[in-house]
Amino acid sequence: SVVITVVVGHGRSPEGKGWGSRIDSCDVVVRMWDWYPWQLLPDYGTKYDYGLFVLTPKGVSIFNEHNVCTPHKGWLAYHGGTPLLAESLPRRVQGWMEIIGNPLWASLAREMGGVGLNGRLTLTRGCAAAAWAITRSSKGSQVVLVGFDNVACGTNQPVEQSFCPEYWALYMSRF
């Protein structure tokens with residue numbers, strides 16, 4: 001049977017669209033760990049099968065301090081190539097966790113013309129979540145990206161257009 005996996009990004013395109021029930025009706029929903037409370041139920045849904053966080057000392061520190069939701073199936077810990085140290089592991093993760101960060105994904109991105117900042121290409125959290133979902137999908141299944149506004153536009157948008165004000169206020173308060 002066809003399995004539909006939705007990866008929900010932080011883009012603002014779902015705002016006011018009422019897509020929440022459609023997202024929640026899909027078989028698998030992957031979200032970034034810091035989606036709650038600013039992604040509103042009517043537009044983004046609430047189903048939360050897998051949550052993704054960045055497995056770096058700074059990323060885990062922010063996660064440990066601010067995470068309030070636990071996904072139903074497990075965690076995806078994106079390791080973008082920085083050295084993995086014991087202190088990089090989160091304290092507050094309960095249940096199943098898979099460390100992801102396949103070098104093949106970055107290699108394929110470079111083959112498609114990706115260069116990254118200063119010539120060092122690492123995937124964004126959303127891109128890593130999408131790559132994970134695609135590589136886990138069976139033949140004939142679908143992966144749907146929701147809130148991947150930069151992908152839809154083909155370029156990075158200004159911060160104000162990329163993140164809702166509530167998320168941006170939380171994000172900026174972390175640094």
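Which pairs turn up if I take residues in region 38-50 that are on the phi < 0 side of the Ramachandran plot and in contact (Cβ under 8 Å) with a residue 60 or more places away in the chain and look for partners that are among the aromatic types (Phe, Trp, Tyr) and part of a helix (DSSP H, G or I) with beta carbon separation below 7 Å, at least 6 apart in sequence or on another chain?
So the pair list comes out as 38/167.
Quick one: in region 73-113, of everything that is open to solvent by less than 40 Å² (accessible area, probe 1.4 Å) and at pLDDT below 80, which residue is nearest to residue 31 (Cα to Cα)?
Of everything passing the filter in region 73-113, 93 is nearest to residue 31 (Cα to Cα).
Which residues, taken from region 18-72, are hydroxyl-bearing (Ser, Thr, Tyr), closer than 18 Å to residue 130 by Cα and open to solvent by 10 Å² or more (accessible area, probe 1.4 Å)? Spell out the reasoning first.
Residues of region 18-72 that are hydroxyl-bearing (Ser, Thr, Tyr), as a first pass: 21, 25, 36, 44, 46, 48, 50, 56, 61, 70.
If we keep only those that are closer than 18 Å to residue 130 by Cα as well, we get 44, 48, 50.
Within region 18-72, 50 is the sole residue that qualifies.
Tally time: how many residues in region 114-134 are touching a strand residue (DSSP E or B) at 6+ places or on another chain (Cβ under 9 Å) and at pLDDT 85 or above?
9
What residue, among those in region 146-175 that are at pLDDT below 75, over 16 Å from residue 67 (Cα atoms) and of a type in the set (Gly, Ala, Ser), is farthest from the chain's Cα centre (by Cα)?
Filtering region 146-175 for residues that are at pLDDT below 75, over 16 Å from residue 67 (Cα atoms) and of a type in the set (Gly, Ala, Ser), the one farthest from the chain's Cα centre (by Cα) comes out as 154.
The values are calculated or read from the model by the stated rules, or taken from the named source; none is laboratory data. Computed from a predicted model, the values in this text were never measured in an experiment. Cβ sites come from the backbone with ideal geometry, for glycine too, and all protein chains shown count toward neighbours. Remember, those area values only see protein heavy atoms, side chains included, never the ligands or the DNA or RNA. Shrake-Rupley method; radii C 1.70, N 1.55, O 1.52, S 1.80 Å.
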